[in-house]
Amino acid sequence: DTEVTQTPKHLVMGMTNKKSLKCEQHMGHRAMYWYKQKAKKPPELMFVYSYEKLSINESVPSRFSPECPNSSLLNLHLHALQPEDSALYLCASSQDRHRVNTNYGYTFGSGTRLTVV
Amino acid sequence: GEDVEQSLFLSVREGDSSVINCTYTDSSSTYLYWYKQEPGAGLQLLTYIFSNMDMKQDQRLTVLLNKKDKHLSLRIADTQTGDSAIYFCAESGGTDKLIFGTGTRLQVFP
């Protein structure tokens, strides 16, 4: 299995809703990432988990709450989002946070397209 | 700083070669990458180059690296309509995270 699987593919939520995005990989990667991508822009890093511990939070608002239940799963819990949070949310994994600087790079999922109404 | 710049748009005829350019600022990057993103999809790693290399060829793809000028290019030979997508270069920026370029939209017409 050489994929990163994200669910759901599409999500529409109201500003008072609570929802979660899910990401799964079975490549034995020990680093997992959440990126946010707005239309016609490059992905922007949100969070990095390394060996199931949060290692980087790029000053993301607290209405986004990441969780890494085990080495294969990464969740992003959403609460009280704003319309400007509408974007494509991408999950990625790599062998090791300290080995991202290798020819492995990241493996990306197909993303969840989130619309906040 | 960590700025990675690309031209926004490139249009080529099917069968011609495409050259997508990228300039970066962090000289400590060890690997540089090219990713492809089709509409509504995630990012697909196309190829990479190690910073002590000048050139790497992988089937229709050729990557050229000018480390002195911090310039990276991706050449796609015999461009096909299926190559139409957004192409991002990325560098490791000397840290643990990838810094993406602004992206180049490649349009291939018959």
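Laid out as a table, the results:
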item	result
Extreme residue, positive dipole direction of chain A, given options A:25, A:75, A:86 (C-beta unit charges)	A:86
Chains A and B together, accessible area buried on both sides, 1.4 angstrom probe, square angstrom	1800
Within a Gaussian network of chain A (alpha carbon springs, distance under 10 Å), most fluctuating of A:40, A:19, A:53	A:40
Normalised contact order of chain A, rounded percent, pairs of Cα under 8 Å and 6 or more residues apart	37
Most mobile listed residue (A:91, A:68, A:23) in chain A, GNM with C-alpha springs under 10 Å	A:68
Estimated FRET transfer efficiency (residue A:9, residue A:58; beta-carbon r; R0 22 Å; 0.05)	0.35
Cross-link reach list, aspartates and glutamates versus residue A:40, counting only Cα pairs under 18 Å and skipping chain neighbours closer than eight places	A:84, A:85, B:3, B:5, B:38, B:83
Amide proton proximity set for residue B:25, modelled H, under 5 Å, gap of 5+	B:3
Relative contact order of chain B, defined on C-alpha pairs under 8 angstrom at six or more residues apart (%)	38
Residues listed by number, region B:1-21, amide nitrogen under 20 Å from residue A:39 label point at 7 Å toward C-beta	B:8-10
Charge dipole (debye, nearest 20) of chain A; +1 at Cβ of Lys and Arg, -1 at Cβ of Asp and Glu	260
Phi-based couplings in Hz for region A:8-18 (Karplus 6.51, -1.76, 1.60; Gly and Pro marked x)	x, 7, 9, 8, 10, 9, x, 5, 9, 6, 10
Average other protein chain Cβ within 10 Å of Cβ, residues B:39-47	6
Lone cysteines, the protein assembly as shown (no partner Cβ under 4.7 Å)	A:68
Candidates A:87, A:39, A:31: whichever shows maximal mean-square fluctuation once chain A is modelled as a Gaussian network with Cα springs under 10 Å	A:39
Entries in A:9/B:97; A:18/A:41; A:38/B:36; A:9/A:53 that, when Cα-Cα distance is taken, lie over 20 Å	A:9/B:97; A:18/A:41; A:9/A:53
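The values are calculated or read from the model by the stated rules, or taken from the named source; none is laboratory data. Just so you know, these numbers come straight off a predicted model, no measurement behind them. For neighbour counting, all protein chains shown are included, and Cβ atoms are generated from backbone atoms with ideal geometry for every residue, glycine included. Calculation scope for accessible area: heavy atoms of the full protein, side chains included, ligands and nucleic acids excluded. Shrake-Rupley method; radii C 1.70, N 1.55, O 1.52, S 1.80 Å.
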